[in-house]
Amino acid sequence: MSEPKTKYDRQLRIWGELGQAALEDASICLLNCGPTGSEALKNLVLGGVGSFTIVDGSKVEIGDLGNNFMVDDTSVGQSKAKSACAFLQELNDAVKAKFIEENPVTLINKNPSFFSQFTLVIATQLVEDSMVKLDRICREANVKLVFVRSYGLAGFVRVSVKEHTIIDSKPDHFLDDLRLNNPWPELRSFVETIDLNVSDPVAHKHIPYVVILVKMADEWAQSHSCNLPSTREEKREFKDLVKSKMISMDEDNYKEAMEAAFKVFAPRGISSEVQQISNDSCAEVSSNSSDFWVMVAALKEFVSNEGDGEAPLEGSIPDMTSSTELYINLQKIYQAKAEADFLVMEERVRYILKKMGRDPSSISKPTIKSFCKNARKLKVCRYRMVEDEFSNPSVTEIQKCLADEDYSGAVGFYILLRAVDRFAANYNKFPGQFDGGMDEDISRLKTTALSLLTDLGCNGTVLPDDLINEMCRFGASELHVVAAFIGGIASQEVIKLVTKQFVPMLGTYIFNGIDHKSQLLTL
Amino acid sequence: MADLDVPQSKSRDLDKLLLRPGNLVGPDFDPGTELRDDMREYVRILVVGAGGLGCELLKDLALSGFSNLDVIDMDRIEVTNLNRQFLFRLEDVGKPKAEVAAKRVMERVSGVKIVPHFSRIEDKEIEFYNDFSIIALGLDSIEARRYINGVACGFLEYDEDDTPRRETMKPMVDGGTEGFKGHARVIVPGVTPCFECTIWLFPPQVKFPLCTLAETPRNAAHCIEYAHLIKWPEVHGGKSFDPDEPEHMKWVYDEAIKRAELFGIPGVTYSLTQGVVKNIIPAIASTNAIISAACTLETLKIVSGCSKTLANYLTYNGGEGLHTKVTEFVRDKECLVCGPGILIELDTSITLQKFIEMLEEHPKLLLSKASVKHGKNSLYMQAPPVLEEMHRPNLSKPLYDLMGRVQKDTIHVFGTALKNEEKQSSLTKLRVVFKGADGVADMDTAIGA
């Protein structure tokens, strides 16, 4: 193996060559390189992101030495962007590193077109007003955006993208696609070639459970007017029926069949989530539809035609007790069906592209194949504009969370993180930023939070005094550990957005460093 | 908004938490410069492991007000570490992790002292671990966690009424990651569940049945494990397989390919061969950063009381959306490791030899080949041979004498225990009480003897 491949081995096992290539193609812009920004970027540089540009206009102060690993004693008085850029470059020479010594807020106000060159912008430690402006700029330019803020023991991460579609969502747990209750002709005829009453005990205990369950489902349906087990009682009886076919207690294949019996009872057809995606208005394709939606349009046609209510077959089977021969043959039958489904899908995709006036070969075979394999796991994530959330958040969600013990700390911090920006706009400092005058700051923050709640339509809602006091105590500090935690989360979200694998967070993540009862709020 | 007239200190941000009083804080929080300075001066923290978590822990601790750190790791740097173990460079490959990690953090953060230990954790004296205020675990093996947990819980003493004594508690913070998932937990022996109390959180590793490998292989992993576990010993006799030897790995890969072709099984690659044989856990920088930060934040809270403590187990899952969850696990009151210990009543005349034999039959222990340690003193050691021979004369002496003729005390026994039909190394604490020694009435709780 070559050195870069070896270096990235542990992550290639997660997102593969395709994910890595996407990462290496990405150019990232970081706004402000305090510890939150530096730590977020560090994780991406290590992973091999293509290039980064740091925008920060500040000089390194002595206080920065205590919370930022990307500066040292020799950097005091120098450009923070320059210092962080040099230290980050040390971590991976394959990454193109750049910095611009300028205040991000100036850039947002004076040069909005600057941002359109990037794949993604990580905006750290911005106040509300700048967030709203940057969000508009990035939406317009179709640049992905992740906001990150550390504030004492609190903080947030917020993804903002108009639409993020995922083919390879890699769910942790997902029911395999075996079609035990809906076998296609080739699977059925293969199953029929196998005799469950075979006298050889070795052969008997090496019949794969897929075969056992398809046969049992048939047997059941014949004696139950073509229905499959549905009540709890029937399901139990079905398992007993499977058990009755065992000829000795050490038959693992029958044990597996009983454990997998629920797959026979699983509903046929596509899930409500996939249904929802195919009903999305974007699935009515037009000339500017993305490849994803073109393929969804093809999927929709497939399901109501060749698929007979089902998506294209995934084509893989889990390991199960079996003779080698039967397992390999079974595997081939699933693969053949998946390939046949793919060919139908490919034809439909090409036809749709042609109708749209696009080059019919503009979506590659591997992409369509991957889409077919993952058709049951498609995801579409859409994010409200930050401006909309800020001016009109879900009041019911806020009030519900405030009343819930597990959520109240997090939603309290959400309000207070916004209140401190209003405070700063009014008083030209953050509450508790400087020693002295703490009592006054506390009472001012309380008033500010109250008026914010009123503006949001949460009249009569009060925040606990303890939380307000804590917020003032934090005094806009940026602690290294909080920065590392929140920056870490931000970089993980960036990886998901850039590789288009896994599922990014939906909503606003509020970090609660007091007791770790952090929450993802849908506002 | 920065006020340029205010003199700056390196602990500008941390001071907000350490110098100011708060309402949502620990019961013993005493804010002030003394707290901050004492943390720098007197608190010593041990980081176990200088890998993905360990590198992050060292950096995080160094930037969280701690100046006296030690790090222990027996491994050397490999190329595959570089995607996340950010203190290492390509030119460091082959050097001891602990030494390079310590050096890099000290270069960057002035005033921090980190002592590296290029050593196995088992090779340190037990007392070595007692010098630290907190132990931070950045490990990837259950065995190593169990060992450290056993040592830290071994320091815990109980009063007569089985109340744990606070000054003997050795807190640990523990992190672990796999891909986009991870956990961080706080273990305060005697207060929160120790690693052993919740050992069920780690399900046993699934192994393929040998008959599948030998007779009915179905997938690529089966072919690889056949080459690794069956074919290698068959062909190489006594020569043991070394997963870090590229030629050995290549041989297993070639054999796995042959077997896969024979059975028509697809999917054997060199990368998969390494993954299966070395049981590689995928790892990325971001997850390690998140989990280590959580562990360090809890370390800061335990030491300073500057906020509430995590109670007591945080799980993080960033694969599908983002989920964090806090679970409050409860202690196993009868835990062999952090519990009051197994009380054993003995005659003052019983010899060490007899005592070791007894451990083997004791229903709660079933401990064979036991080594025995009393505080810093080894009473008997099974290995290495030199030390075994040195301690052998002790076997015929009464345990009472060897323990300095105290009426009762705690001892540690280390050996092989039979747990879930599997032999595992086990370190256990015993509370030994001698019958007939001064002031002891007959105890009805007596077991053994």
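The values are calculated or read from the model by the stated rules, or taken from the named source; none is laboratory data. Keep in mind that this is a model prediction, so the values were computed, not measured. Cβ sites come from the backbone with ideal geometry, for glycine too, and all protein chains shown count toward neighbours. Calculation scope for accessible area: heavy atoms of the full protein, side chains included, ligands and nucleic acids excluded. Shrake-Rupley method; radii C 1.70, N 1.55, O 1.52, S 1.80 Å.
Set the Cα radius of gyration of the protein assembly as shown against 2.2 N^0.38 Å, with N its number of residues, and you get 1.04. Here the Karplus relation 6.51 cos²θ - 1.76 cosθ + 1.60, evaluated at θ = phi - 60°, turns the backbone of segment B:291-300 into coupling constants of 5, 5, 5, 4, 4, 5, 4, 5, 4, 4 Hz, with x for every Gly and Pro. Applying 1/(1 + (r/R0)^6) with R0 = 35 Å to the Cβ-Cβ distance of B:T168 and B:E421 gives a FRET efficiency near 0.55.
Is there a quick way to get the dipole size of segment A:185-265? I mean about its Cα centre, with the Cβ of Lys and Arg at +1 and of Asp and Glu at -1; what is the value in debye to the nearest 20? Walk me through the numbers on the way to the answer.
Details: 11 positive and 15 negative charges, 51 e Å.
The calculated dipole for segment A:185-265 is roughly 240 debye.
Considering segment B:342-435 at the alpha-carbon level, its Rg and Dmax are found to be 12.6, 37 Å.
Taken over chain B, the convex hull of the Cα atoms encloses 195 Å³ per residue.
For segment A:52-106, the alpha-carbon coordinates run over 31, 27, 15 Å along the three principal axes, in decreasing order.
Rounded to the nearest angstrom and listed largest first, the equivalent-ellipsoid semi-axes of segment A:141-205 from its Cα gyration tensor are 54, 18, 7. Counts of other chain beta carbons within 10 angstrom of each beta carbon in peptide A:146-155 average 1.
Centre-to-centre separation between the Cα atoms of segment A:48-66 and those of segment B:296-317: 28 Å.
Per residue, the convex hull spanned by the alpha carbons of segment B:213-277 comes to 68 Å³.
When the alpha carbon coordinates of segment A:338-382 are projected onto the principal axes, the ranges are 32, 28, 14 Å, largest first. Label sites at A:F262 and A:R236, each approximated as a point 7 angstrom past Cα along Cα to Cβ, lie 1.7 nm apart. Here r is the Cβ-Cβ distance between A:A141 and B:R40 and R0 is 45 Å; the resulting FRET efficiency, rounded to 0.05, is 0.40.
For segment A:388-474, the equivalent ellipsoid derived from the Cα gyration tensor has semi-axes of 22, 14, 10 Å, listed largest first.
Average the reciprocal distances over every distinct pair of alpha-carbons in chain A, invert the result, and give the Kirkwood radius in Å. Evaluated on chain A, it is 26.6 Å. For the residue pairs A:K446/B:K16; A:K243/B:K364; B:K59/B:K301; B:K113/B:K181, alpha carbon separations beyond 28 Å are given by A:K243/B:K364; B:K113/B:K181. For B:E261 and B:C211, a Förster radius of 35 Å and the Cβ-Cβ distance give a FRET efficiency of 0.95, rounded to the nearest 0.05.
Seen from all sides and averaged, what is the projected area of the convex hull of the Cα atoms in segment A:185-265, in nm²? Over every viewing direction, the Cα hull of segment A:185-265 projects on average to 5.3 nm².
Distance from the alpha carbon centroid of segment A:124-165 to that of segment B:184-217 works out to 41 angstrom. By the Stokes-Einstein formula, at 1.567 mPa s and 4 °C, segment A:318-436 with its Kirkwood radius over alpha-carbon pairs has D equal to 62 µm²/s. Loop sites only, by DSSP: take the GluC sites (Glu not before Pro) in chain B that have at most 15 other C-beta atoms within 10 Å and name the longest stretch containing none of them. For GluC sites (Glu not before Pro) (loop position, at most 15 other Cβ atoms within 10 Å), the longest site-free span of chain B is B:1-124.
Calculated on C-alpha atoms, the gyration radius of segment A:366-523 divided by its Kirkwood radius gives an Rg/Rh of 1.06. For the chain pair B and A, the interface hides roughly 7200 square angstrom of accessible area in total, found with a 1.4 Å probe. Taken over segment A:245-369, the alpha-carbon convex hull comes to 120 cubic angstrom per residue.
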